[in-house]
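First up is the structure itself, then whatever we jot down about it.
The values are calculated or read from the model by the stated rules, or taken from the named source; none is laboratory data. Remember, it's a predicted structure, so these values are computed and weren't measured experimentally. Note: ideal-geometry Cβ built from the backbone for every residue, glycine included; neighbour counts use all protein chains shown. Accessible surface areas use protein heavy atoms only, side chains included; no ligands, DNA or RNA. Shrake-Rupley method; radii C 1.70, N 1.55, O 1.52, S 1.80 Å.
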Protein chains: 4
Amino acid sequence: MPKQKTAPDSSRRSEAARRAILTAALDLVGELGYAKLSIEGIAAAAGVGKQTIYRWWPSKGALLFDALLTFATDGQDGQSAALPDTGDLAADLKLVLRATVAELNEPRYDQPMRALHTEIVHDPALAADYAERLDGPMREIKKERLRAAQRAGQLAGDVDLDVAVDLLFGPVLNRWLQRTAPLTPEYADQVVDTALRGLRPRDRQG
Amino acid sequence: MPKQKTAPDSSRRSEAARRAILTAALDLVGELGYAKLSIEGIAAAAGVGKQTIYRWWPSKGALLFDALLTFATDGQDGQSAALPDTGDLAADLKLVLRATVAELNEPRYDQPMRALHTEIVHDPALAADYAERLDGPMREIKKERLRAAQRAGQLAGDVDLDVAVDLLFGPVLNRWLQRTAPLTPEYADQVVDTALRGLRPRDRQG
Amino acid sequence: MPKQKTAPDSSRRSEAARRAILTAALDLVGELGYAKLSIEGIAAAAGVGKQTIYRWWPSKGALLFDALLTFATDGQDGQSAALPDTGDLAADLKLVLRATVAELNEPRYDQPMRALHTEIVHDPALAADYAERLDGPMREIKKERLRAAQRAGQLAGDVDLDVAVDLLFGPVLNRWLQRTAPLTPEYADQVVDTALRGLRPRDRQG
Amino acid sequence: MPKQKTAPDSSRRSEAARRAILTAALDLVGELGYAKLSIEGIAAAAGVGKQTIYRWWPSKGALLFDALLTFATDGQDGQSAALPDTGDLAADLKLVLRATVAELNEPRYDQPMRALHTEIVHDPALAADYAERLDGPMREIKKERLRAAQRAGQLAGDVDLDVAVDLLFGPVLNRWLQRTAPLTPEYADQVVDTALRGLRPRDRQG
DNA sequence: TCCTAATCGAGACGGTACGTCTCGTCTTAGT
DNA sequence: ACTAAGACGAGACGTACCGTCTCGATTAGGA
């Protein structure tokens, strides 16, 4: 069987170069914005040859994603992460959604995440990677909290949890991406309240 | 008063060139995808000098937006547009959301809209323009239908209509942009049902 | 008939850029030598975009040749040039060959000419161009002087003038290119004397 | 005395690798031409690590030279080589010069020799090596034949033999390198005849 | 016979330059 | 004044090689 292109041997990979590249990528995207981010610039800032980037990452988006994964998930253990559960679903969700809002408003995260989302929009392969490695685990954590709420009788048992997660987080992410209106903690509260209560009047009998 | 930069005189503008450019832009973005779309290519495809593009549009995103506005809103009258109102809110919303899903899945719209969203993500000026000229009017139409539902007692009176719109359309738009899962008509129905009913159990009295 | 690649329109060509590029090329090849001469470097030194070079010259060799032609032939009229004719063929040839030796030893000409010859060795198209535009005219001038010598009875009438030119100038050029031995004015004299007299003994009858 | 750089120990040298490299170099230069010849390519074609090349040869030119020396001088004994001596100097020289022409026109030799000459033009160290190991011995063989001719009274006694060799072989080598005109056996004959007879008329007595 | 040190293949690394592409500006003719 | 055309300075793209630098894995002699 003839080998296709001799894939790089990751055992020989330089960890120093890898970290320098990821750091430089995050620094530069925060500094210059996504539009002015170039592989050339990242290589120069990291003190690395361009080929070293092209060797290990298939696209600028994949590099950015890797950078985000590496440094954003730096502190936490990975699997041990869970949403708070004080017994009060509405309060817990507001806390989480407000934290999300705060993070999205944080300049340090804003630019890289916009960049990543831009790439995802146009690159199905990267989207799949994102869904598997970032969105998937996060979504599972959220669904876990909602499952607990179902067990506690605070959430309807027949609700599709994926839809529930989308209902809660979709509006916030959307407003952030589209900038249709400022993204405030109050908005997060509103979304939680409205999503939990539903749009239909409660005093009517169905 | 000395003129600053001799602003282009739109009275002399060539309508033929304008339409050729907008058409070429939509064609090319559908053909090549956003990443390979270039001003240079649009000019060549439209049989137009590059300067003619730079003279009339401030950015590639603005051009794309213009193209979308010009051709997407082609058939409809503009103000007369309204959401259907059969008296059955859930059914009407499902109809609209399914139509949205269908449009987003339509290849002819998919690429240009992704491109526009990408630009919006990074260009606040364009985002404002988008909010004012496209999202705003559409949102108003949706809110009008919801207001009617409030009058008919099918929607809680104290619900913020903007949040309601976000709750209904945000998840769909999000799933489209992020490709976390396939975007189906059934999902549209689920979102409507869940948003209307709310996440909380209905059989509890409080 | 579809146009192939839309050849550049030389009427719009920037003369300033052209001269800056040719000057920079000659300067740099003299400064760094041929091996370290790069298009990138020439463009930077000339304050010019790389594309402007690639647009007008098919290869580094063609550019160098152009530079040499432009500046080496700067002073002289072009057609009026002729070799000296004092009536003494040997003296005239020695003068010319000594001048050739001096020029080849001149650092200002040495590097660019070596570079050009290197390119010619590997690029038949450039070789043809060289033969037509530089070697051809020069050879004609030399042959003209030899024709005059034939008329004056100082040169055998049945000698092929091209071979005669090669016999006189070939050894000098060769020694320069191959560095087999130092290239001195005395060597020029020796070549002229030997070529004129021939290798065979003169006092023998056969 | 501390060793400077740990010079390679040639006793441990792999003869298989050496021959594979030299063979690959000659093959590739004939196949791709000199411009596209790369150390990387030679190493790959030879199935050899790049370092093995860099360890044993100081430059691409030295490698090429080595390759030429190894395979071009393969059949012949080395010292026993001598030019033919039938007693007829002109005939002998024509034979040799025609053989030279044939070799230079041989595709198998053309490319590598051009490559070597290119390197020599720019690399004085290689030029010295070439002069000592290839040009020198060959020139000595040629001069030996000319000396015999002098003894036989077929060559003027006061002619500088180096100049004589240059006069005979320079024109041919030059026409080959510069491609000013096709290199034919007839040209070789003409050069020999003209060089032997001289350019001056023979019927004049002085 | 084992030891050990140099050579081997392989290929990652920091770099430089390549030739192409597009950017946004500027210039030239032609309506 | 606008247009089509396209040259220009600028600079990023992704590729190809450069020459240096580890890596194990042979592969010789010298002990």
- Message: What are the pairs with Cβ atoms under 8 angstrom where one residue, in the stretch B:34-58, is under 14 Å from B:ARG18 (Cβ atoms) and the other, located anywhere, is hydroxyl-bearing (Ser, Thr, Tyr) and within 7 Å of DNA strand F (Cβ to nearest atom)? Sequence gap at least six, or different chains.
- Response: B:ALA43/B:THR52; B:THR52/B:SER14
- Task: With the condition kept exactly as written, say whether any residue in the stretch B:60-72 is open to solvent by 40 Å² or more (accessible area, probe 1.4 Å), touching a residue at least 40 places away in the same chain (Cβ under 8 Å) and within 16 Å of DNA strand F (Cβ to nearest atom).
- Result: yes
- Message: Which count do you get for residues in the stretch A:4-34 that are loosely packed, with under 14 Cβ neighbours inside 10 Å and closer than 15 Å to A:LEU63 by Cα?
- Response: 1
- Task: Keeping to the stretch A:138-164, report how many residues are touching a residue at least 12 places away in the same chain (Cβ under 8 Å), more than 9 Å from every other protein chain (Cβ to nearest Cβ) and part of a helix (DSSP H, G or I).
- Result: 8
- Out of curiosity, is B:ALA46 away from chain A (no Cβ under 14 Å) and away from DNA strand F (no atom under 13 Å from the Cβ)? no
- In the stretch C:7-38, which residue that is assigned to a helix (DSSP H, G or I) and within 14 Å of chain D (Cβ to nearest Cβ) is nearest to C:ALA127 (Cα to Cα)? C:VAL29
- Query: Which of (1) at pLDDT below 95; (2) within 14 Å of another protein chain (Cβ to nearest Cβ); (3) within 16 Å of DNA strand E (Cβ to nearest atom) is the odd one out, the single condition A:GLY61 does not satisfy?
  - Reply: (3)
- Message: Yes or no: the stretch C:102-122 includes at least one residue that is more than 16 Å from DNA strand E (Cβ to nearest atom), open to solvent by 50 Å² or more (accessible area, probe 1.4 Å) and in contact with a Pro (Cβ under 8 Å, 6 or more places away or on another chain).
- Response: yes
- Message: Residues that are closer than 24 Å to B:GLU119 by Cβ, over 19 Å from the mean Cα position of the chain (by Cα) and assigned to a loop (DSSP other than H, G, I, E, B): does the stretch A:166-180 have at least one?
- Response: yes
- Message: Among the residues of the stretch D:188-206, what is the count of those that are crowded, with 21+ Cβ neighbours inside 10 Å and more than 7 Å from every other protein chain (Cβ to nearest Cβ)?
- Response: 2
- Item | Which listed residue is within 16 Å of DNA strand F (Cβ to nearest atom) and within 14 Å of chain B (Cβ to nearest Cβ), from A:THR52, A:THR118, A:THR100 | A:THR118
- Item | Members of the stretch B:89-107 that are over 17 Å from B:ILE141 (Cα atoms) and either without any contact (Cβ under 8 Å) to a residue 12 or more places away in the chain or under 14 Å from the mean Cα position of the chain (by Cα) (or both) | B:VAL101, B:ALA102, B:GLU103, B:LEU104, B:ASN105, B:GLU106
- Task: Scan the stretch B:177-192 and report the pairs whose first residue is on the phi > 0 side of the Ramachandran plot and whose second residue is not in a loop (DSSP other than H, G, I, E, B), with Cβ atoms within less than 6 Å and a gap of 6+ or a chain change.
- Result: B:ARG179/A:ALA127
- Query: With respect to the numbered conditions (1) within 12 Å of another protein chain (Cβ to nearest Cβ); (2) under 23 Å from A:GLY30 (Cα atoms); (3) at pLDDT below 95, which one is the sole condition not fulfilled by A:TYR109?
  - Reply: (1)
